[in-house]
Every structure is written in structure tokens, then in C-alpha cells.
Amino acid sequence: MKDIRARLTNLLKGGYCTPRISELARALNEPPATIHYNIRQLEKDTIVGYKAVFDYKNIDQGFCTYVMIHLMPEEYTDPAKAAKELAGYPQIECVDVVTGDWDLILRVRTKDMDEYYQFVKNVLGKKRLSRVQSVPSMRQIKDEFMIIKDK
């Protein structure tokens, strides 16, 4: 059998997941048709997409780092523009525009510290950023509203 796990993982991370109607119906004690109808209504204005939650170590993205960014004054006029530009990099899992001491917070996933170093050098090092602080995650306990199982 052909091993397409890496390609499949990329699609699942991008939203190619669907809810399990029969399991939801059983959990809520409602008919599947009712579940399906309500999900379709939520998809119109509330649900943006679906994605799988991974044990990232098993897909070579186990090094998670939070990166706080202070933009240069000329970039601060439109922090969302800078955020959208950064969001295009596959290593960046999420980008938030924030207030306080920092302008943006990124969650970056790489295989290890060496790959993260290359990311900083090749991506963040080439942007016009005033200040950057990295905070590596020691261990994730909960992600995407799901408790991560200990092994």
C-alpha cells in the first residue's frame, strides 16, 4: 500500500475534515438529520472550518514556539497586513494581532530547534521587525480545545 501520510496530514491540517454525524447524534441523543441540519446552519455563519488535532511529534513538527513581535513604527499603521503576510509561511500555525508590549504573537511549529533557527534566520530575520522574543513550549497540555494525551 502506498504511504501518503505526509500529503494526507497537510490536507487535514488545512481543513479537509468533516464532523462525524452519527457519533454526534449518539452523544446528543438526536436524529442524524437534526444534527446534519444544525451543522449546515452553523457552517453558514459560525463554523469557519474543520481540522485534525495531531500529536505533532509524530509528524515532525514537535517543536512549538510562541514568538512575540514588536513591529517597526512604519509597519504598525497596519498590523493586520504584517500578520497576513506572515500567515503565509507554513511553519506559522497561528498569528494574532494583540495590544500591550507586543503587536503580534505567532505560534510556530518546526521539527526541532535547528529548523526553528533556520526559520528565524530566513523568515523573521528578513522582515522589518523592531523586536522579537521567542518562548519555546516545554509541553502542550491542551490544543484546539482537546486535552493532549500523555504517553
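The values are calculated or read from the model by the stated rules, or taken from the named source; none is laboratory data. On a predicted model such as this, the values are computed, not experimentally measured, just so you know. Here the Cβ is made from the backbone with ideal geometry for all residues, glycine too, and neighbour counts use every protein chain on show.
With (1) within 21 Å of LYS57 (Cα to Cα); (2) surrounded by 13 or more Cβ atoms within 10 Å (Cβ to Cβ); (3) out of contact with any helix residue (DSSP H, G or I) (no Cβ under 9 Å at 6 or more places or on another chain) as the list, and ALA82 as the residue in question, which single condition is left unmet?
(1)
Inspect all residues belonging to the range 6-25 and state whether any of them is modelled with pLDDT of 85 or more, surrounded by 12 or more Cβ atoms within 10 Å (Cβ to Cβ), under 23 Å from GLU115 (Cα atoms) and in contact with a Cys (Cβ under 9 Å, 6 or more places away or on another chain).
Taking every residue of the range 6-25 in turn, none turns out to be modelled with pLDDT of 85 or more, surrounded by 12 or more Cβ atoms within 10 Å (Cβ to Cβ), under 23 Å from GLU115 (Cα atoms) and in contact with a Cys (Cβ under 9 Å, 6 or more places away or on another chain).
Going through the range 110-151 one residue at a time, which ones are touching a residue at least 60 places away in the same chain (Cβ under 8 Å), among the hydrophobic types (A, V, I, L, M, F, W, C) and under 22 Å from ALA52 (Cα atoms)?
Result: MET146, ILE148.
Output the number of the condition that LEU28 fails; it satisfies all remaining conditions of (1) exposed (fewer than 12 other Cβ atoms within 10 Å of the Cβ); (2) of a type in the set (A, V, I, L, M, F, W, C); (3) within 30 Å of ASP112 (Cβ to Cβ).
Of (1) exposed (fewer than 12 other Cβ atoms within 10 Å of the Cβ); (2) of a type in the set (A, V, I, L, M, F, W, C); (3) within 30 Å of ASP112 (Cβ to Cβ), only one is false for LEU28: (3).
Could you grab me the full set of residues in the range 54-90 that are polar (S, T, N, Q), more than 16 Å from VAL123 (Cα to Cα) and not in a helix (DSSP H, G or I)?
If the condition is that a residue be polar (S, T, N, Q), more than 16 Å from VAL123 (Cα to Cα) and not in a helix (DSSP H, G or I), then GLN61, THR77 are the ones that fit.
For LEU124, work out the one condition from (1) surrounded by 16 or more Cβ atoms within 10 Å (Cβ to Cβ); (2) at pLDDT 95 or above it doesn't fulfil.
Evaluating LEU124 over (1) surrounded by 16 or more Cβ atoms within 10 Å (Cβ to Cβ); (2) at pLDDT 95 or above leaves (2) as the failure.
Select from the range 24-55 the residues that are under 24 Å from the mean Cα position of the chain (by Cα) and closer than 21 Å to ASP143 by Cα and list them in ascending order.
Hits for the range 24-55 are THR46, ILE47, VAL48, GLY49, TYR50, LYS51, ALA52, VAL53, PHE54, ASP55.
For the range 91-105, give me the residue count where each residue is surrounded by fewer than 19 Cβ atoms within 10 Å (Cβ to Cβ) and part of a strand (DSSP E or B).
Qualifying residue count, the range 91-105: 6.
Give the residue that is nearest to ASP55 (Cα to Cα), with candidates limited to residues of the range 4-31 that are part of a helix (DSSP H, G or I) and among the charged types (D, E, K, R).
Here the answer is LYS13.
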